[in-house]
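Chemist: Input: one structure, supplied below.
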Amino acid sequence: MSAISNPPTNTAAVSLPPVPLTIEGASVLHQMMRVRWTAWKALSAQDRAEIVAEASGVLAEMEKNSSGASAAFSLLGHKGDLILVHFRRSFDELSQAELRLARLKLSDYLDTTTSYLSVVELGLYESSLKTYKTLAERGIVPFSPEWNAEIEDVLARQREAMMPRLFPEMPPHKYLCFYPMDRRRGEAKNWYQLPMAERQRQMHEHGMIGRRYAGEVKQIISGSIGFDDWEWGVDLFADDPLVFKRLIYEMRFDEVSAVYALFGSFYVGIRCGAGELGDYLGV
Amino acid sequence: MSAISNPPTNTAAVSLPPVPLTIEGASVLHQMMRVRWTAWKALSAQDRAEIVAEASGVLAEMEKNSSGASAAFSLLGHKGDLILVHFRRSFDELSQAELRLARLKLSDYLDTTTSYLSVVELGLYESSLKTYKTLAERGIVPFSPEWNAEIEDVLARQREAMMPRLFPEMPPHKYLCFYPMDRRRGEAKNWYQLPMAERQRQMHEHGMIGRRYAGEVKQIISGSIGFDDWEWGVDLFADDPLVFKRLIYEMRFDEVSAVYALFGSFYVGIRCGAGELGDYLGV
Amino acid sequence: MSAISNPPTNTAAVSLPPVPLTIEGASVLHQMMRVRWTAWKALSAQDRAEIVAEASGVLAEMEKNSSGASAAFSLLGHKGDLILVHFRRSFDELSQAELRLARLKLSDYLDTTTSYLSVVELGLYESSLKTYKTLAERGIVPFSPEWNAEIEDVLARQREAMMPRLFPEMPPHKYLCFYPMDRRRGEAKNWYQLPMAERQRQMHEHGMIGRRYAGEVKQIISGSIGFDDWEWGVDLFADDPLVFKRLIYEMRFDEVSAVYALFGSFYVGIRCGAGELGDYLGV
Amino acid sequence: MSAISNPPTNTAAVSLPPVPLTIEGASVLHQMMRVRWTAWKALSAQDRAEIVAEASGVLAEMEKNSSGASAAFSLLGHKGDLILVHFRRSFDELSQAELRLARLKLSDYLDTTTSYLSVVELGLYESSLKTYKTLAERGIVPFSPEWNAEIEDVLARQREAMMPRLFPEMPPHKYLCFYPMDRRRGEAKNWYQLPMAERQRQMHEHGMIGRRYAGEVKQIISGSIGFDDWEWGVDLFADDPLVFKRLIYEMRFDEVSAVYALFGSFYVGIRCGAGELGDYLGV
Amino acid sequence: MSAISNPPTNTAAVSLPPVPLTIEGASVLHQMMRVRWTAWKALSAQDRAEIVAEASGVLAEMEKNSSGASAAFSLLGHKGDLILVHFRRSFDELSQAELRLARLKLSDYLDTTTSYLSVVELGLYESSLKTYKTLAERGIVPFSPEWNAEIEDVLARQREAMMPRLFPEMPPHKYLCFYPMDRRRGEAKNWYQLPMAERQRQMHEHGMIGRRYAGEVKQIISGSIGFDDWEWGVDLFADDPLVFKRLIYEMRFDEVSAVYALFGSFYVGIRCGAGELGDYLGV
């Protein structure tokens, strides 16, 4: 077979759905902000102190917010000075968080340079493959009422079991690495035309690398198809930023990354808790 | 046949037009706007209240406009704070709506970050295939006066039958997802070189997925070839935003999407009726 | 032969020039402008009236300019509020027109968002093919003095015959559609490597579609190789904007468009004569 | 062999360096500037006159600068109002010229929209091929001290002979066309993998076209690998701007341009001498 | 084998990790800044002198900073006026340097146009190949505790031996060339799918060219996978800027560059020491 042809479409299992079972959790918003330093520095020390007091008060509340936490990080480089990560129960709560920040006096000294909207997601490749095969063997037609009920059952059990991963705590690590990514849909190499078993195999190998870094890095994957300009967002949290580079470099040789991953901009931040905001802003 | 070759051009039916019959309805303009919060917050409460009163009065009128409604949604993320969707009878009416908003006092506190111009469209693939074949069998030459008259007849009947879809009401759902898209014209994979019967087959499979989501999401497709920078605009309306992600993700494995769909930016909004504008703007 | 290979280079006619005979006419400048509404609305009614009076006076003159007319259109969407189209006898006259507008008081309230520089052009594919063959049969060596004289003769006759198309009147239609385009030079599909006879054939088929729309749309093609960032600019004028969509959509299935056309941004405007400028600007 | 494969690498001459001998001359900076007309027009006539007097005095000096001239052109379209072309003996002198302009009072009314940094360059393809072969036949090992000495000898003689082309006068023509370009490094078509003899052949054919335009256009090629974002800059000077279009269009059918040339933005200007600056700026 | 197929994956050594051993050193931040000349020139001479005194005092300290030096260069062209290069022991120290500069009075007259975040990196291709083979021959399973210990041993020895290259002094040369780059992951040519022995061979040939320029140019490679938008940053320092062009042009014909290198923007600067800052800023 020609090296540049697409893998064969899964003819034997043509009636099985190609989309993996997927469960969703927290709504996520990343906000990248730049401090307008000149205007900020022009304020009196007292004005700055009052503005920071208001802002760090709100951030402190958001850090402990019961329906999903927020966290601030100072960004390195020109892409922004601060990145805020918000986990919430819904898009409405994200919108409220956004509005609450926009109404802070501090926001008069911030420009939002970019943002990212997504939902924490777990793609259940192994479970999908097993479930789809079992249902096929039982002769249950995809998308029939019986099939839908069985699938909803699997999803409900997985949501229950995965609850802590779907609605994660904000990891406590010092460094954040965030980037969006796509699966390639090239003319010759197209992730969405691979058979599910092949995608499952590649994702499994990919996961094996992540597992070796489990003690050093906490990863949260969120899906953004239909929500933002890339298909997924990746958040990595670690206490040593070199781990970001080592993990991502090692993964880049994986088939699923080497061939099928396209990356957007990378954002690296250092945690800036509510209590550290004044320091960062020179108050 | 080589895996990366184009599908064969339809040699047997070489004289049939490749373009599907298409009917058009409402003219559509999307406007994405950012609130200049700092300037807005600097106004007195009374000024803000007066400005909102004027703006929500106009928006309320537009929501009920008899020749096509408008609706506002608050956007999530940095792409803007508000998105306005206008359905109208003509480009001239869209231009009037645009000017009317530009003359609002509120517009001094809004920047239009982007926009999208299109016309509601229904592509009649099945009807085209049948009509073209029937006319060919009757020996009627494409684009002859007789052919044109028969085609105009088909279009007129379809326009009549599809009137509610061509000039839709503004769907009442809480969430909006808007994105523009193209059909791929790659060097190896080119939608516009597929025979019509193959395009019809792929569009039909695509439609089958949409049908399963019919109760959960309302879709309005508008065409923008010759009007804006992508070929089509897609509006999805739903009461649960997760449905956007599930529908678009499932469709991405379709042949027509996996191979032939290219996507622009995605915009997600929460409905903000005329009566809610003051709340959103902190009045 | 492999489906993705380039068409064979024209080995039999290897000594014939590959470039088609081309004749040029009016110099053309498109200027897209955004009104700075906030500053504009802050002026007194009297100031606005005076500024519009000056501007519409100059526009009225330009509309009737004897060495090539100008016209203004109000744009739909965020790409700008006004588009000015200038036809002139030379780049120097275009530069004068640009400067004259820049010196208007109204220009303090306009930002030029983009522009396009080109020259009205007719590519004489059929004439080229015939002329090149005839000269070859007569044994005249390309680019010899005799060859050059014969070619210059053909060009002079064509320029004479085509004068009204080379230096067109400003079409009177209500709607304008402007977009720039390239011919593809891909790794596998490369317009500039097709033999001239093949290019002529594809252009001819392309022209056949245009001919069917002749009563509904007026098309002016200008060349911009060496002048601006795309190879050609296309202006369509019509009294029904839906015609733009239908024409361009139908052409997109043509081989020359499906495979070899790459498009830039599309701009759609509604004519705004000198006498309508005040209305548009709310005076 | 497959039509989309790369040409064979030059196996017989595998030890010959693939890089052509290249000699460099003047350092070149292009600066594209936009006039802030609103602020400029707000000045009193006297202020404008004084500012222009200072600026045209400096430009007049630079036009006659003994270590390399500068010239100003008024640009057509929105890419800028002025383009300055500086030839100098070194990057340090370019930096001095840049600083000297930045310190002009006029610069408070100019925004630099873009720029291009390069060095006049002559690629000696024919000489390289001959020299490399001769040295190989004499058994001299590439990059050995003997080889280096012979090469340095060739370069020195060429630099001497080409001095007027390496450090050119500013051509006196009225119109300027500037654009940057790359040689393609595609997956299937890669200039840098062609054998030198093939590159020499294509460059030679390319040069043949240029030769026919020698009386009408003056071309200066500068190299920018390592200096700016494209590999080369091209300056064309002519008294009829249509020549730019005809030359570049004809060349586009050349194999080296059709397949291997990628182009950036095109800038077209009309000469604006020191003495004409006041006129242009409305003084 | 087809010319456009990927090289075979290393089937014989399928269990060997594909990622080369890599050691990291200094954290690096590049900051590109533009002077707001109009505002700067509007200051009184005394204000400018005081502001420069403060800034050059801080820059002088940073130039001698014991945990990693900083250096300033004046940029040529519109990409910025100054580029600051910071070497530090950690991202936290980089963040401190960034904040310290942001708090300078001079920063009110600077805009940061772009930046680049990376870590000095040495890829140990030859050592990796040897080590992986040796461990395989000894039957040690990759990523087993024994394997990890052996690898950590190699890395520790290499870090020790390479310390001066991992934490380099700021080279004293007058000119800087900085650019980011990627390894291509194309559909047909994909660096990350080459077997390690093939990558090692190509990198070795690439290094041979660099070696010939060793006396003329100092190169520092930093890795930015996970940190910024390209995979690597390259800094070249030399006393003759033409060397940048010659070295990069010669390397472009290398297989590893011709086929697998993708380049971002190029930045060229002239050293501007703390003591020269006043001169540059016209104080």
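The values are calculated or read from the model by the stated rules, or taken from the named source; none is laboratory data. Bear in mind the structure is a predicted one, so any value in this text is a computation, not a measurement. All Cβ positions, even for glycine, are placed from backbone atoms using ideal geometry, and neighbour counts span all protein chains on display. For accessibility, only protein heavy atoms count, side chains too; no ligands or nucleic acids. Shrake-Rupley method; radii C 1.70, N 1.55, O 1.52, S 1.80 Å.
Chemist: Starting from region E:96-137, pick out the chymotrypsin sites (Phe, Trp or Tyr not before Pro) whose DSSP state is loop and whose Cβ has at most 16 other Cβ atoms within 10 Å. Before the final figure, lay out each step's value.
Modeler: Numbers: sites: E:TYR109, E:TYR116, E:TYR125, E:TYR132; in loops: none.
Listed in order of number, the matching sites amount to none.
Chemist: Let me ask you something else. As I understand it, the dipole of region B:91-178 uses +1 on the Cβ of Lys and Arg and -1 on the Cβ of Asp and Glu, about the Cα centre. Which of B:GLN96, B:PHE143, B:MET170 lies farthest toward its positive end?
Modeler: About the Cα centre, the residue reaching furthest to the positive side is B:MET170.
Chemist: Please work out the FRET efficiency for the pair C:GLU54 and D:GLU54, using the Cβ-Cβ distance as r and a Förster radius of 41 Å; give the result to the nearest 0.05. Mind dumping the intermediate values first?
Modeler: Values: r = 30 Å, r/R0 = 0.74.
FRET efficiency, C:GLU54 to D:GLU54: 0.85.
Chemist: Reachable lysines from C:LYS41, Cα under 29 Å, same-chain residues fewer than 8 places away excluded?
Modeler: Within the straight-line limit of under 29 Å, C:LYS41 reaches these lysines: A:LYS105, B:LYS41, B:LYS64, B:LYS79, B:LYS105, C:LYS79, C:LYS105, C:LYS174, D:LYS41, D:LYS79.
Chemist: Still on this model: Between copies, how close do the A:ILE221 label points come, placed 7 Å along Cα→Cβ, listed in nm from shortest?
Modeler: Output for A:ILE221: 3.1, 3.1, 5.0, 5.0 nm, nearest copy listed first.
Chemist: Hey, another quick one. Determine the sum of side-chain charges near B:ILE270: Lys and Arg each +1, Asp and Glu each -1, restricted to other residues whose C-beta is under 9 angstrom from that of B:ILE270. Provide the component values of the computation, followed by the final result.
Modeler: Working: positive: B:LYS174, B:ARG271; negative: A:ASP92.
Result for the neighbourhood of B:ILE270: +1.
Chemist: Average partner chain C-beta neighbours within 10 Å, per residue of E:75-83? Spell out each step's value before the answer.
Modeler: On the way: counts 4, 11, 14, 13, 5, 0, 4, 0, 0.
Per-residue shielding by partner chains comes out at 6.
Chemist: Tally up the carbon and sulfur contribution to the accessible surface of the protein assembly as shown as a whole percent, 1.4 Å probe, everything protein left in place.
Modeler: Values: 28800 of 55070 Å².
The C+S portion of the solvent-accessible surface of the protein assembly as shown is 52 percent.
Chemist: On the principal axes of its Cα set, how long, how wide and how thick is region A:145-283? Give whole Å, largest value first.
Modeler: 61, 36, 30
Chemist: Copy-to-copy spacing for C:LYS64, label 7 Å out on the Cα-to-C-beta vector, in nm, shortest first?
Modeler: Ordered by increasing distance: 4.8, 4.8, 7.8, 7.8 nm.
Chemist: Same structure, new question: Counting heavy atoms of the protein chains only and a 1.4 Å probe, report the per residue accessible area for the protein assembly as shown as a whole number of Å².
Modeler: On the way: 55070 Å² over 1415 residues.
On a per-residue basis, the protein assembly as shown sits at 39 Å².
Chemist: Which whole number in µm²/s is D for region E:47-176 by Stokes-Einstein, with the Kirkwood Rh taken over Cα pairs at 4 °C and 1.567 mPa s? Write out the running numbers ahead of the final one.
Modeler: Details: Rh = 18.1 Å.
The calculation lands on 72 µm²/s.
Chemist: A further question on this structure: Solvent-accessible area of B:ARG34, probe 1.4 Å, all protein chains present, reported in Å² to the nearest ten, please.
Modeler: Surface accessible to solvent at B:ARG34 totals approximately 90 Å².
Chemist: Please report the accessible area of C:HIS204 (heavy atoms, 1.4 Å probe, ligands and nucleic acids excluded) in Å², nearest 10.
Modeler: Its accessible surface works out to 80 Å², give or take rounding.
Chemist: Using +1 at the Cβ of each Lys and Arg and -1 at the Cβ of each Asp and Glu in the protein assembly as shown, identify which of C:PRO180, D:HIS206, B:ILE221 lies farthest towards the dipole's positive end.
Modeler: Positive-end residue among those listed: D:HIS206.
Chemist: Based on the inverse mean of 1/r over its pairs of different Cα atoms, what is the Kirkwood hydrodynamic radius of chain D, in Å?
Modeler: On the way: mean 1/r = 0.0478 Å⁻¹.
Radius from the Kirkwood sum: 20.9 Å.
Chemist: Please compute the Kirkwood hydrodynamic radius over region B:138-208, one decimal place, Å, based on all pairs of different Cα atoms. Mind dumping the intermediate values first?
Modeler: Values: mean 1/r = 0.0615 Å⁻¹.
Mean inverse Cα-Cα distance, inverted, gives 16.3 Å.
Chemist: Say we join alpha carbon atoms closer than 10 Å with springs in a Gaussian network model of chain E; which of E:THR114, E:THR131, E:THR38 then has the biggest fluctuation?
Modeler: E:THR38
Chemist: Using only the alpha-carbon atoms of region D:101-156, report the extent along each of the three principal axes, biggest first, to the nearest angstrom.
Modeler: Principal extents (Cα only, largest first): 62, 21, 15 Å.
Chemist: Below 8 Å, C-alpha to C-alpha, sequence gap of six or more: please give me the relative contact order for chain A in percent.
Modeler: Numbers: 473 pairs, mean separation 82.2, N = 283.
Over chain A, the number comes to 29 percent.
Chemist: I need the semi-axes of the equivalent ellipsoid of the protein assembly as shown: take the C-alpha gyration tensor, multiply each eigenvalue by 5, square-root it, list largest first in whole angstrom. Don't jump to the answer; show the numbers that get you there.
Modeler: Details: eigenvalues 372, 372, 303 Å².
Semi-axis lengths for the protein assembly as shown are 43, 43, 39 Å.
Chemist: Shielding by partners for E:28-37, please: the mean number of other protein chain Cβ atoms within 10 Å of each residue's Cβ.
Modeler: Working: counts 0, 3, 2, 2, 1, 1, 1, 1, 1, 9.
Mean shielding count: 2.
Chemist: What are the nm distances, shortest first, from A:MET203 to its equivalents in the other copies, labels at 7 Å along Cα→Cβ?
Modeler: With the label placed 7 Å along Cα→Cβ, A:MET203 yields 3.2, 3.2, 5.2, 5.2 nm.
Chemist: May I ask for the distance between the Cα centers of region B:226-283 and region C:78-150, given as a whole number of Å?
Modeler: Spelled out, the Cα-based centre of one part sits 41 Å from the other.
Chemist: May I ask you to list the lysines whose Cα is less than 27 Å away from that of A:LYS130, ignoring any residue fewer than eight positions away on the same chain?
Modeler: Straight-distance partners of A:LYS130: A:LYS189, B:LYS245.
Chemist: Also: Loop-only GluC sites (Glu not before Pro) in region C:115-187, please: DSSP not H, G, I, E or B, and at most 11 other Cβ atoms within 10 Å. Display every interim value, and only then the final one.
Modeler: Values: sites: C:GLU121, C:GLU126, C:GLU137, C:GLU146, C:GLU150, C:GLU152, C:GLU160, C:GLU169, C:GLU187; in loops: C:GLU169, C:GLU187.
Here the GluC sites (Glu not before Pro) that fit, given the DSSP loop and packing criteria, are C:GLU169.
Chemist: Relative contact order of region D:197-240: what whole-number percent is it, with Cα pairs under 8 angstrom and at least 6 residues apart? The partial results should precede the final answer.
Modeler: Working: 32 pairs, mean separation 14.0, N = 44.
Relative contact order here is 32 percent.
Chemist: Can you give the accessible area buried between chains E and A, summed over both chains, with a 1.4 Å probe, in Å² to the nearest 100?
Modeler: Working: alone 14840 and 14810 Å², together 25850 Å².
Interface area, both chains combined: 3800 Å², rounded to the nearest 100.
Chemist: Apply the Karplus curve 6.51 cos²θ - 1.76 cosθ + 1.60, θ = phi - 60°, to the phi angles in region A:17-28 and return the couplings in whole Hz, x for Gly and Pro.
Modeler: x, x, 7, x, 4, 9, 10, 10, x, 4, 7, 10
Chemist: Across peptide A:96-103, what mean number of C-beta atoms from other chains lies inside 10 Å of a residue's C-beta?
Modeler: Values: counts 0, 0, 6, 7, 0, 1, 7, 3.
Taking all residues of A:96-103 together, the mean is 3.
Chemist: If contacts are Cα pairs under 8 angstrom and at least 6 residues apart, what is the relative contact order of region A:18-88 in percent?
Modeler: On the way: 74 pairs, mean separation 32.1, N = 71.
Relative contact order, region A:18-88: 45 percent.
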